[in-house]
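Each value in this text was obtained by applying a stated rule to the coordinates, not by laboratory testing. Since we're looking at a predicted model, the values are computed, not measured. Backbone-built Cβ (ideal geometry, glycine too); neighbour counts: all protein chains shown.
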Amino acid sequence: MSQFGDRVDAFLSEFFHLYPVDATAIGMHEVDGEWPDLGAAGRSARLEFADRWELELRAFADGALTTDERVDRDVLRSELAEQRFDETELREDAWDALGYVYLIGGGIFPLLAREFAPLAQRLTSAAARLEGVPAVLDAARAELGSFPARAPSRLHTEMAIKQLPGVASLADDAVAQAEAAANGVAGDPAVAALLPRLRAAADIARRAIGEFGEWLSSDLLPRSTGDGRLGPELYVRKLRHTFRSDITTDTIMTQARVEYDAVRGEMISIARAIWADWVPDEPLPSATGDGGRDAADSRTVAAVTAAIGRAHHPASELVDYCRESYRGIVEFCRSHDVIAVPDEPLEIDWTPPFLREFAGAMFDAPGPLDKGQKGFYFMTPPPDDWTAEQVDSYLAEENDRQIDLTTIHEGTPGHYLQLVYSNRCPSLVRAVFGSGAFIEGWAVYVTQVMMDLGFKADDPALMLIHWKFYLRAITNAMIDIGIHARSMTQEQAMDLMVTGGFQEESEATKKWDRARLTSTQLSTYFVGSMEMWSLERERRIRAAIAIGDPRGAAAVPAPRVVGGFGETPGFSYREHLESVIAHGSPPIPVLRRILMGS
């Protein structure tokens, strides 16, 4: 191994000990029983780590490194810059109570769900972490409200209170797993011996979580006067770290508005064409009525998508339909030679309770060091306290065609497939420090690739819902920027999503909350996909030039709506797709540098 490789190993070892929950997710299990130091001493240690390693990595000159090593050095340096920003400027630990819920859930759930070691070993680590929950929550009390520049966010505190019981249920799950293993037919003596400690640890954790919930309600909530909005200056600084580029909010909004108009145009055209099939008992809305052509077009799309939305399975069958849909998607990928589908296991199931406020569907990948472990594609059920009307609205949004598209996005060739390839990458740096813009951008991009290649091409209703799904990615970016950098109101956001994006009220309401609970993440879908399309167009141009096509760049005209390039001489989709995801999950500017040499 080279000197640089030795130092990368040392960097990762130190990183894993400073960030033990991340280490568990990555598959480094030496610190599975530990929590990070969340106090001032821990922050100082992490900052010292970032500063010291920045100096050491900067000292590796280009000439002393291979091409791959230069890429890894630069990825690590950009990661350190983001960590420094998080610790000194963003300081979410001081105003985001919900982050502690995710931390505890993320520290315990993988130990119960992933079979990377014997159950007794995993439950021993779970017991240690459950025993450490009081210290984590004591640190949370000390940190929340400690940053004068930002008051605790009321929405984050409210959501933390709501989600804490889901984290407490993980303690019950740990005990239930142990009891089943100890008392089962086979009877695991190591687990049986651990049971008293685990039960005591679960009691400790549940008590601490209950007391923390009371503190949140009685103490922090009255002091939670912030709203979670970053403001334009802080948002722009975070945006730079998210995308590892100097892309501006103005550039994103300009691109988003162009795509917004183009996609709505596609939707209007399709909705008119299939109106009689889906709304057979009503006349096509006329432009001569109130509001003119624009209003008629909006009514047309809204009525057709509403009718399509009524074609859905019951809430209890959502997971079963996801599994059925996935089988059909894999068959299409194989029969059309889209991309090689991996054999690593994928489990489709309900979202764990502690994650249900975050998204309707999500993918949880095994870490790059957890070889052969299953990935989880989670679908979130409607909350138990919803009215029948709210459930109907939710199911209309998660209709059968939408689930087909979501399953492409979350499964194959979306997140599951991409992250399996990423975990196979020889560069552990690029697998460990994945770019959200790459990961989410790929999933949006490749969903449209599937449509362009003819997935269920005989179903124009699916194409209409696809454009609605893509329009959601566009409006995600618009409300992310609008809320955090441009003072967008709830009324404006809801109008953009419901009237402009044809979303159901329930979906838009959850997205309004999610946009205020996160920042920059909702822009990654749209911005990442646009960068993926730009990269594909450049590679198509190079392919055409390489075989002597005299038209050069003119051989690949810019599409009217993103995607839809058609045939390009010398260009193979399978070769392109597999090459894009063969290098880990790097920032897209880094991927461009790897593939294009620029």
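Below, the figures for the structure above:
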read-out	value
Gained length - Arg334 relative to Ala81, 0.36 nm times residue gap less alpha-carbon distance	87.0 nm
Unit charges on C-beta of K, R, D, E only; dipole of segment 3-241, Debye	580 debye
Label corresponding to Cα extents along the principal axes in Å when calculated from the structure given, among [x] 138, 81, 38; [y] 71, 63, 56; [z] 87, 63, 57	[y]
Calculated FRET value between Glu115 and Ser286, using beta carbons and R₀ = 60 Å, to 0.05	0.50
For the chain, calculated [θ]222 nm from helices alone, where every DSSP H run of n ≥ 4 adds -39500 (n - 2.57)	-21000 deg cm²/dmol
Rounded to the nearest 20 debye, dipole of the chain from Cβ charges on Lys, Arg, Asp, Glu	1240 debye
Point-charge dipole on Cβ atoms (K/R +1, D/E -1) for segment 387-473, about Cα centre, debye to 20	540 debye
Among Asn423, Pro283, Ile348 the positive-end extreme of the charge dipole of the chain (Cβ point charges)	Asn423
The chain, relative contact order in percent, only Cα pairs under 8 angstrom and at least six apart counted	15 percent
Residues whose placed amide H lies under 5 Å from that of Leu346, excluding near-sequence neighbours	Gly375
Sequence-distant residues sharing a close amide H with Gln503 (under 5 Å, placed H)	Val498
Residue (of Leu405, Thr24, Gly265) at the positive-pole extreme of the chain, dipole from beta-carbon charges	Gly265
Karplus 3J(HN,Hα) series, Hz, for segment 224-230 with 6.51 cos²θ - 1.76 cosθ + 1.60 (x for Gly, Pro)	7, 9, x, 10, x, 6, 6
Cβ crowding within 10 Å averaged over residues, with 480-486, 526-532 ranked highest first	526-532, 480-486
Rounded Å value of the spacing that divides the Cα centres of segment 261-308 and segment 28-96	52 Å
Sites Asp495 and Ala311 - FRET efficiency at Förster radius 22 Å, r taken between beta-carbons, to 0.05	0.25
Under the span-like rule (Cα at least 20 Å along the axis, Kyte-Doolittle mean at least 1.0), DSSP H helices of the chain	98-113
Top positive-direction residue, dipole computed over the chain with Cβ charges, set Pro118, Gly360, His576	His576
